[in-house]
Amino acid sequence: MNNACSPLYRRHRFPAEVIAEAVWLHFRFPLSFRMVEDMLAYKGVIVTHKTIRQWAEKFGRDYASKIRRRTPCLGDKWHLDEAVVSIRGRKHWLWRAVDQDGFVLDVLVQSRRNAKAAKRLIRKLLKVQGRAPRVMVTDKLRSYGAANRQIGLTVCDHRQHKGLNNRAENSHQPIRRREAIMKRFKSPAQLQRFVSIHDPIANLYCFPRTTFTSNDHRELRHAAMTAWREITCVSAA
């Protein structure tokens with residue numbers, strides 16, 4: 001494989017196909033670096049888990065950035081939620097925003113669960129999305145309402161009901177599974193790095209829950225894999 005299509009692979013001993021597959025396996029499925037090492041070894045590719053970790057950090061950031069640039073403006077109904085994560089015995093909060101189709105809009109790791117933290121998430125969402133939401137769905141945490149008032153975000157329909165926010169709560173599940181595989185995250189920075197790469201890749205393979213035929217599903221999956229090959233500069237087999 002000629003890696004000249006991307007300077008990112010320059011001076012790397014392994015071809016782009018191997019690097020892209022290792023990164024894809026780690027972030028697409030709840031697999032540790034050692035598990036990915038074993039899967040590559042089964043195919044005859046001998047690489048250490050430490051090298052795979054370096055690939056995940058370097059190439060994963062690049063892949064995630066390219067996916068974000070290719071992602072169009074997402075839905076106008078935002079589901080916001082926060083989940084507690086224990087890191088070295090201290091509580092941190094994973095603030096998450098998801099649209100009506102299940103696409104992750106943004107994720108922030110913060111040490112507080114108050115109006116200041118909620119305002120930081122909402123401001124970042126407004127900056128990235130470039131527009132205010134039509135509907136905002138949250139649980140009954142009062143910090144969301146206080147943050148909206150401080151920002152002056154009064155044009156959207158703010159619905160506070162725990163039963164309406166299952167979409168955002170379910171979006172935490174992949175991170176919970178990964179937390180168990182990794183035996184907890186070691187630092188807030190590590191968690192932020194991981195979700196910043198994991199969620200864009202997950203968005204690439206997120207198919208909205210609408211009624212479509214098996215042919216439509218195959219076309220969507222084919223389009224996702226084609227986009228991944230373009231992002232990683234890997235030719236189709």
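The values are calculated or read from the model by the stated rules, or taken from the named source; none is laboratory data. Keep in mind the model is a prediction, meaning the values are calculated, not measured. Note: ideal-geometry Cβ built from the backbone for every residue, glycine included; neighbour counts use all protein chains shown.
In the range 99-109, is there at least one residue being surrounded by 18 or more Cβ atoms within 10 Å (Cβ to Cβ), more than 20 Å from Pro208 (Cα to Cα), more than 13 Å from the chain's Cα centre (by Cα) and among the β-branched types (Val, Ile, Thr)? Looking through the range 99-109, none of the residues is surrounded by 18 or more Cβ atoms within 10 Å (Cβ to Cβ), more than 20 Å from Pro208 (Cα to Cα), more than 13 Å from the chain's Cα centre (by Cα) and among the β-branched types (Val, Ile, Thr).
Hey, among Gln190, Gln160, which residue is surrounded by 12 or more Cβ atoms within 10 Å (Cβ to Cβ) and closer than 21 Å to Asn114 by Cα?
Just a single option satisfies the conditions, and that option is Gln160.
Can you spot a residue in the range 177-184 that is in contact with a strand residue (DSSP E or B) (Cβ under 8 Å, 6 or more places away or on another chain), crowded, with 18+ Cβ neighbours inside 10 Å and within 18 Å of Val23 (Cα to Cα)? Yes: one or more hits. Criterion applied to Ala227, Ala202 was being touching a residue at least 24 places away in the same chain (Cβ under 8 Å), in a helix (DSSP H, G or I) and within 22 Å of Trp78 (Cα to Cα), and the one residue passing it is Ala202. Criterion applied to His79, His49, His26, His12 was being within 30 Å of Leu141 (Cβ to Cβ) and not hydroxyl-bearing (Ser, Thr, Tyr), and the one residue passing it is His79. Could you list, in sequence order, all residues of the range 125-178 that are part of a loop (DSSP other than H, G, I, E, B) and within 16 Å of Gly75 (Cβ to Cβ)? Once the filter is applied, which keeps residues that are part of a loop (DSSP other than H, G, I, E, B) and within 16 Å of Gly75 (Cβ to Cβ), the range 125-178 yields Gly130, Arg131, Ala132, Pro133, Arg134, Cys156, Asn165, Ser171.
Would you check if Ile46 is aliphatic (A, V, I, L, M), exposed (fewer than 15 other Cβ atoms within 10 Å of the Cβ) and in contact with a helix residue (DSSP H, G or I) (Cβ under 9 Å, 6 or more places away or on another chain)? Yes.
Of the residues Arg96, Arg120, Arg113, which is among the basic types (Lys, Arg), buried (at least 18 other Cβ atoms within 10 Å of the Cβ) and either in the same structural domain as Pro174 (by TED's automatic domain parsing) or in contact (Cβ under 8 Å) with a residue 24 or more places away in the chain (or both)? So that I can check it myself, show each step before the final result.
Working: Arg120 fails: buried (at least 18 other Cβ atoms within 10 Å of the Cβ); Arg113 fails: buried (at least 18 other Cβ atoms within 10 Å of the Cβ).
The unique qualifying residue is Arg96.
Answer yes or no: is there a residue in the range 206-223 that is of a type outside the set (Val, Ile, Thr), in contact with a helix residue (DSSP H, G or I) (Cβ under 9 Å, 6 or more places away or on another chain) and at pLDDT 90 or above. Checked the range 206-223: no residue is of a type outside the set (Val, Ile, Thr), in contact with a helix residue (DSSP H, G or I) (Cβ under 9 Å, 6 or more places away or on another chain) and at pLDDT 90 or above. Filtering the range 29-43 to residues that are surrounded by 15 or more Cβ atoms within 10 Å (Cβ to Cβ) and of a type outside the set (A, V, I, L, M, F, W, C) leaves Pro30, Ser32, Glu37.
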